[in-house]
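The values are calculated or read from the model by the stated rules, or taken from the named source; none is laboratory data. Nothing here was measured: the structure is a model prediction, and the numbers come from that model. Glycine also receives a Cβ, built like all others from the backbone with ideal geometry; neighbour counts cover every protein chain displayed.
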Amino acid sequence: MKQDLPPILELKGLVKSFGALQVLKGIDFSVQPGELAFIIGPSGSGKSTLLRCCNRLEEPDGGSVTVDGIDITAPGVDINRLRQKIGMVFQSFNLYPHMTALGNVTLALRKVQGMDKATADAKGRAALERVGLTDKADAYPNQLSGGQQQRVGIARSLALEPLIVLFDEPTSALDPELVGGVLKVMRELRESGMTMVVVSHEMAFARAAADRVVFMDQGQIVEQGPPEEVFGNPKHARLREFLATLADRH
Amino acid sequence: MNPVVNVPPTMSTLDRFLFSFFNPDIAGRYWKAIAEGFVTTTWLGVTVIITGLVVGLALAVARAQHVKPLNFCIIVFADVFRALPPLVIIIILFFAFPYIEMAMSAFTATWLSLSLVLAAFAEEIFWAGILAVPKGQWEAARSTGMSRLETLQHVVLPQAVRMTVPPLTNRVMAITKGTALGSVVALHEILNVSSSASSESGNATPLLVGACAYLILFIPFVWFGRWIETRFAWKR
């Protein structure tokens, strides 16, 4: 992680409401190059909405989202071009069921970046190799396990060579025995220097791999810091309560 | 010469039945005219299917752009043309449009009427298919930088169209059979030709020949629809 460089992602005063319900109440948050920021919090705290504002899948109502120095909420920006640099991995994988794994990974390369098929396929296979699925290139999503599907989802983001990858509860839809494979890929990705923002409940992964843990509650960032501090010495009562409910569950 | 062939009074019941419905002489006399009707019906059907499906798909794609005034017009179009009987539209186009300097042939009136009705139904079916594709598919594609239109073209429509094949096949069949409505504006399609031949000869055989012509035309179509359904189905 490089502290002295300008942040890859910077949110300032981010506000978002759904109807009368304000889900983000002025978020200030930034992520340094190579950093893995891990967002935790009770359901309904705004974690996923925060993540989805970072590539404008949700339109923020106020504040700014800056990616690599460009305000992606400014009027007239080419959001489609910017989104290629912001990878996103979904809870429900969202693979295209009518395409093979390789087809899923190369679609944007071919149709958005205009790459010819041979070049796109080579890049796609390299991305599949990074997630350990070289031999599944020609498999359709329904022929893959949930864990494999999610790794294809990660490869689909990586193929575009993003500056940052957003993970929206990437293991929540997986059977417990399949979680490990996905976390392993995420860990390797982190070690290769990828900037990542992860919304998840995998606390063991957060302890082991996160640079910073961010606790959100009721649309605000309540506390953040290195995992050992946030988990070992929580300052806010709400964070202590949240961690206690998690401990009860295990 | 009077073309009417009377049933000889001395015949048995079975012979009378065969004479009236399966009469080779009558069939030989009229098959050529019915074959010409077959060509007209086929040509009309093909042009209706192409126009109706292309316009219907274009309207569904336009509707997916979420432009409110445009969507209002599309919905009004779809509702009106799904509600009106095609026969009424044919009659208006053929008999009323000459008064506003827009006279058209019987073929054009029938083609336009059926195409508009098919387009209205096809738009609704395609639109339902587009809505049935999970939202996550849009989000995944958009998050990789694909535009709304690119997402529709490469991700959503290929899945939507698969889902719409069965309802679309049924609707296309029902509307293509409406080519018979062209008979009211004297279009020489299968039904018109065979029913006039039938009245002219006083014998039902031409109607049976016409029925065979419909079977020859539509049975392969049913098979084609079934083939498309299996061809485009994929296991989830």
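With respect to B:Pro158, determine if the residue is of a type outside the set (Gly, Ala, Ser), surrounded by fewer than 18 Cβ atoms within 10 Å (Cβ to Cβ) and within 7 Å of chain A (Cβ to nearest Cβ).
For B:Pro158, the condition - of a type outside the set (Gly, Ala, Ser), surrounded by fewer than 18 Cβ atoms within 10 Å (Cβ to Cβ) and within 7 Å of chain A (Cβ to nearest Cβ) - is met.
Quick check: anything in the stretch B:145-155 away from every other protein chain (no Cβ under 14 Å), aliphatic (A, V, I, L, M) and either in contact (Cβ under 8 Å) with a residue 60 or more places away in the chain or surrounded by fewer than 20 Cβ atoms within 10 Å (Cβ to Cβ) (or both)?
no
Please go through the stretch B:59-81 and give me each residue that is in contact (Cβ under 8 Å) with a residue 60 or more places away in the chain and surrounded by 13 or more Cβ atoms within 10 Å (Cβ to Cβ), ordered by number.
Within the stretch B:59-81, B:Leu59, B:Ala60, B:Val61, B:Arg63, B:Ala64 qualify.
Pick from the stretch B:121-136 the residues that are within 14 Å of chain A (Cβ to nearest Cβ) and either in a loop (DSSP other than H, G, I, E, B) or under 33 Å from the mean Cα position of the chain (by Cα) (or both): which of them is surrounded by the fewest Cβ atoms within 10 Å (Cβ to Cβ)?
That would be B:Lys135.
State whether the residues of the stretch B:170-179 include one that is in contact with a Pro (Cβ under 6 Å, 6 or more places away or on another chain), over 30 Å from B:Asp25 (Cβ atoms) and surrounded by fewer than 23 Cβ atoms within 10 Å (Cβ to Cβ).
Yes, because at least one residue in the stretch B:170-179 is in contact with a Pro (Cβ under 6 Å, 6 or more places away or on another chain), over 30 Å from B:Asp25 (Cβ atoms) and surrounded by fewer than 23 Cβ atoms within 10 Å (Cβ to Cβ).
Listed here are the residues, each with its yes/no results for (1) surrounded by 19 or more Cβ atoms within 10 Å (Cβ to Cβ); (2) outside any strand (DSSP E or B); (3) touching a residue at least 12 places away in the same chain (Cβ under 8 Å); (4) in contact with a Phe, Trp or Tyr (Cβ under 6 Å, 6 or more places away or on another chain).
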residue	(1), (2), (3), (4)
A:Met196	yes, no, yes, no
A:Ala206	yes, yes, yes, yes
A:Val213	yes, no, yes, yes
A:Val222	no, no, yes, yes
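Right, A:Arg156: within 16 Å of the chain's Cα centre (by Cα) and outside any loop (DSSP other than H, G, I, E, B) or not?
yes
When A:Val182 is evaluated against the numbered criteria (1) part of a strand (DSSP E or B); (2) among the hydrophobic types (A, V, I, L, M, F, W, C); (3) under 15 Å from A:Ser92 (Cα atoms), which criterion, by number, is the only one it fails?
(1)
For the stretch B:5-12, check the following and say yes or no: at least one residue is more than 30 Å from B:Leu112 (Cβ to Cβ) and not in a loop (DSSP other than H, G, I, E, B).
So far as the stretch B:5-12 goes, no, none of its residues is more than 30 Å from B:Leu112 (Cβ to Cβ) and not in a loop (DSSP other than H, G, I, E, B).
Take the residues in the stretch A:157-184 that are more than 19 Å from A:Phe38 (Cβ to Cβ) and in contact with a strand residue (DSSP E or B) (Cβ under 8 Å, 6 or more places away or on another chain), then tell me which one is farthest from the other protein chains (Cβ to nearest Cβ).
Step by step, filter the stretch A:157-184, then rank; the result is A:Leu158.
Based on what the data block shows, is A:Ser172 surrounded by fewer than 20 Cβ atoms within 10 Å (Cβ to Cβ) and closer than 27 Å to A:Ile154 by Cα?
Yes, satisfied.
For the stretch A:109-141, give me each residue that is within 10 Å of chain B (Cβ to nearest Cβ) and either in contact with a Gly (Cβ under 6 Å, 6 or more places away or on another chain) or closer than 16 Å to A:Val185 by Cα (or both).
Within the stretch A:109-141, A:Val112 is the sole residue that qualifies.
Take A:Glu202 and decide whether it is more than 26 Å from A:Phe242 (Cβ to Cβ) and at pLDDT below 95.
no
Need at least 1 residues that are away from chain B (no Cβ under 11 Å) per element, so show me which strands (runs of 3 or more DSSP E) inside the stretch A:12-108 make the cut, counting only ones lying wholly within it.
Because the criterion is at least 1 residues that are away from chain B (no Cβ under 11 Å), the strands (runs of 3 or more DSSP E) in the stretch A:12-108 that meet it are A:21-31, A:36-40, A:62-67.
Could you please tell me which pairs satisfy a Cβ distance under 7 Å, a separation of 6+ or placement on different chains, a first residue in the stretch B:185-203 that is touching a residue at least 40 places away in the same chain (Cβ under 8 Å), and a second residue that is in a helix (DSSP H, G or I) and of a type in the set (Phe, Trp, Tyr)?
Every condition considered, the pairs that remain are B:Val185/B:Phe94; B:Leu187/B:Phe107; B:Ile190/B:Phe38; B:Ile190/B:Tyr214; B:Ala197/B:Tyr30.
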